[in-house]
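J.: Got a structure for you, written out below as structure tokens; questions coming shortly.
The values are calculated or read from the model by the stated rules, or taken from the named source; none is laboratory data. From a predicted model like this one, the values you see are computed outputs, not experimental measurements. Here the Cβ positions follow ideal geometry from the backbone for every residue, glycine too, while neighbour counts run over all protein chains shown. For the accessible areas, the whole protein counts, side chains as well, though only heavy atoms, and no ligand, DNA or RNA atoms are used. Shrake-Rupley method; radii C 1.70, N 1.55, O 1.52, S 1.80 Å.
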Amino acid sequence: MMDWLQLFFLHPVSLYQVAAFPFALLFNYLCIMDSFSTHARYLFLLVVGGALAVAAMGSFAVLVFIPALCTVVLIHSLGPQDVHRLTFLFQMSWQTLCHLGLHYTEYYLQEAPSTRFCVTLSSLMLLTQRVTSLSLDIREGKVAAAAAGGGIRNRSSLSERLWGALPYFSYLLFFPALLGGPLCSFQRFQARVQGPSSLYPRHSFWALTRRGLQILGLECLKVVVRRAVSAGAGLTDCRQLQCVYVTWSTAGLFKLTYYSHWLLDDSLLYAAGFGSEFGQSPGEEGYIPDADIWTLETTHRIALFTRKWNQSTARWLRRLVFQQGRTWPLLQTFVFSAWWHGLHPGQVFGFLCWAVMVEADYLIHTFANVFIRSGPMRVLYRTLTWAHTQLILAYIMLAVEVRSLSSLWLLWNSYNSVFPTVYCILLFVLAKRKHKFN
């Protein structure tokens, strides 16, 4: 009975996401009935978002409201070439200060942090995605500079200025993406709010039913895996190869939890009409859900897993860091990801290890494609690299999730360290051979 009481829907974030479903369906229904003006739609998304933030975070919601307000002020005060740099620095500085508060509580005071504060940090990380995505759009000219800056400054009426700022406030705090969900660009958000509804009742019912059944199946599987993990040894008392099974099964439990969350977040966006592909306008950025479970569980490539894991975030990191980096862009991307996640010891180690594994993956498969020609050998190669890939990713996931140095030390000293070490050795050997070939 206790396993079922610990189901996904009792997780604080998931509980509030489920509670937001009626508002998402109501918003979409009112858009279908054409009962909403554009300003009313922006206000509805903003007001419900603010109420959801207060309900989920309590007084900590101020930590989300303040950077959202400051971002809108910066957008309307700076030119298109300056807005990204300054909003990025402000947002990441604010988020880092909040993460330092978590470090102080966990490592110095040795106390469990407030659940509401953890929810706030999660929402703040998502806000950082929207802030930087919007500022990049402005810098790249995807959002008109006049609408983002000078057009509103030249208006004399305070009410006109507030109405002009409303789309940006609404985008930064709109409730379907406040606590989770794939990154929705400002262009897509604006097109959805200003255009007719693209989601129809029959499509909505079957699509949401299918997602609901997927979530239910994942939750049932999660209960089974949790029981298996709870019944066995942990990292503190496992022995030799048993530690490999412990790491793999625990990482499996983490992955099932992520898949469930991503599907629920995607369903909420879909219910509000932001995740639908019906009626997508030309040039609008395509919608990519975070969970591609089949690819994640069957790929034998760490690089492909990296691109498909939390897809909208991976695409955001690629645009924000990888494409801007001139030297070591891959390393810069993973270092920034560790910073964005909070710079816990396990996260720093895990993301640096992940970067090395991706680099090794590129070299290993490049050489394999040249030297492995026969069909049976390719099947054997794919099977072995699939198993090795899953074990390496389980190692990385556990390092990132356990976070603390004591847990990280247990992971380092277990047999699990053999798998990334093998890839590190192959990276060193193949890099030398590549240099000779060049």
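J.: Would you calculate a helix-derived [θ] at 222 nm for the chain, using -39,500 (n - 2.57) for each DSSP H run of n ≥ 4 and dividing by the full residue count, to the nearest 500?
T.: Numbers: 21 runs with 315 residues, N = 438.
Mean residue ellipticity, 222 nm, calculated: -23500 deg cm²/dmol.
J.: Report the convex hull volume per residue for the range 1-120, counting only C-alpha atoms, in Å³.
T.: On the way: hull volume 17.6 nm³, N = 120.
So the per-residue hull volume is 147 Å³.
J.: So, R0 is 41 Å and r is the distance between the beta-carbons of L69 and R326; what FRET efficiency does that work out to, to 0.05?
T.: Details: r = 34 Å, r/R0 = 0.83.
That gives a FRET efficiency of 0.75.
J.: Further, regarding this structure: Any idea what the relative contact order of the chain is, in percent, if you count C-alpha pairs under 8 Å spaced at least 6 apart?
T.: On the way: 506 pairs, mean separation 78.7, N = 438.
Across the chain, relative contact order equals 18 percent.
J.: Can you give me the Kirkwood hydrodynamic radius for the range 12-199, using every pair of distinct Cα atoms, in Å to one decimal?
T.: Numbers: mean 1/r = 0.0577 Å⁻¹.
Every distinct Cα pair counted, the radius reaches 17.3 Å.
J.: What order, most packed first, do the peptides 89-97, 288-296 have when packing is the mean number of other Cβ atoms within 10 Å of each residue?
T.: Working: 89-97: 15.6, 288-296: 17.4.
For the peptides 89-97, 288-296, the packing ranking is 288-296, 89-97.
J.: Compare C98, C220 by solvent-accessible area with a 1.4 Å probe and give them largest first, with all protein chains kept in place. Could you put the intermediate results ahead of the total?
T.: On the way: C98 15, C220 55 Å².
Reading off the accessible areas and sorting them downward yields C220, C98.
J.: In the chain, which cysteines lack any other cysteine Cβ under 4.7 Å from their own?
T.: Within the chain, the cysteines lacking a partner Cβ under 4.7 Å are C31, C70, C98, C118, C184, C220, C353, C424.
J.: Determine which aspartates and glutamates satisfy two conditions relative to K255: a Cα distance under 19 Å, and not lying fewer than 8 residues away in the same chain.
T.: Of all the aspartates and glutamates, those that pass the test against K255 - Cα under 19 Å, at least 8 places apart if same chain - are D3, E219, D265, D266, D290, D292, E297, E401.
J.: If we sort 103-113, 237-247 on the protection proxy, mean other Cβ atoms within 10 Å, highest first, what's the order? Mind dumping the intermediate values first?
T.: Working: 103-113: 11.5, 237-247: 15.6.
By packing density, highest mean first, the sequence is 237-247, 103-113.
J.: Give me the extension gain from H39 to V224: residue separation times 0.36 nm, minus the current Cα-Cα distance, reported in nm with one decimal. Provide the component values of the computation, followed by the final result.
T.: Numbers: separation 185, 0.36 × 185 = 66.60 nm, distance 4.77 nm.
That works out to 61.8 nm of additional length.
J.: In degrees, nearest 10, range 0 to 90: what is the angle between the Cα axis of helix 329-341 and the longest Cα principal axis of the chain?
T.: 70 degrees
J.: Projecting each Cα onto the charge dipole of the chain (Lys/Arg +1, Asp/Glu -1 at the beta carbon, about the Cα centre), which of L45, A61, S417 comes out farthest on the positive side?
T.: S417
J.: Assigning unit charges at the beta carbon (Lys, Arg +1; Asp, Glu -1) and nothing else, what dipole magnitude in debye, to the nearest 20, does the chain show about its Cα centre? Could the numbers behind the result be given before it?
T.: Numbers: 34 positive and 21 negative charges, 225 e Å.
In total the dipole reaches around 1080 debye.
J.: Right, another one. Please arrange F305, F169 by accessible surface area, largest first, computed with a 1.4 Å probe and ligands excluded. Don't jump to the answer; show the numbers that get you there.
T.: Numbers: F305 5, F169 50 Å².
So, going from the largest accessible area down, we get F169, F305.
J.: In the full protein assembly as shown, how much of R307 is accessible to a 1.4 Å probe, in Å² to the nearest 10?
T.: R307 exposes around 130 Å² with every protein chain in place.
J.: Please work out the average accessible area per residue across the chain, using the 1.4 Å probe convention, and give it in Å². Show your work: numbers first, answer last.
T.: Details: 20940 Å² over 438 residues.
Using a 1.4 Å probe on heavy atoms only, each residue of the chain averages 48 Å².
J.: Helix 83-103 versus the longest principal axis of the chain: what is the Cα-based angle in degrees, 0 to 90, to the nearest 10?
T.: Tilt of helix 83-103: around 60 degrees.
J.: Ranked highest first by the average count of other Cβ atoms within 10 Å around their residues, in what order do 178-189, 343-354 fall?
T.: Values: 178-189: 22.5, 343-354: 20.8.
In decreasing order of mean packing, 178-189, 343-354 become 178-189, 343-354.
J.: Does anyone have the angle between helix 201-231 and the longest principal axis of the chain? Alpha-carbon axes, 0 to 90°, nearest 10?
T.: 40 degrees
J.: Let me ask another. Please work out the C-alpha center-to-center distance from the range 285-313 to the range 210-230 and express it in whole Å.
T.: 20 Å
J.: In bins 10 Å wide, starting from 0, what share of all Cα pairs of the range 292-437 does each bin hold, as a percent?
T.: With a bin width of 10 Å, the distribution comes to 11, 38, 37, 13, 1.
J.: Using alpha carbons only, what's the Rg to Rh ratio of the chain with Rh from Kirkwood?
T.: On the way: Rg = 23.1 Å, Rh = 23.5 Å.
My calculation puts Rg/Rh at 0.98.
J.: Hey, with R₀ at 51 Å, roughly what FRET efficiency would L26 and K432 work out to, going by the Cβ-Cβ distance, to 0.05?
T.: Working: r = 62 Å, r/R0 = 1.22.
E between L26 and K432, to the nearest 0.05, is 0.25.
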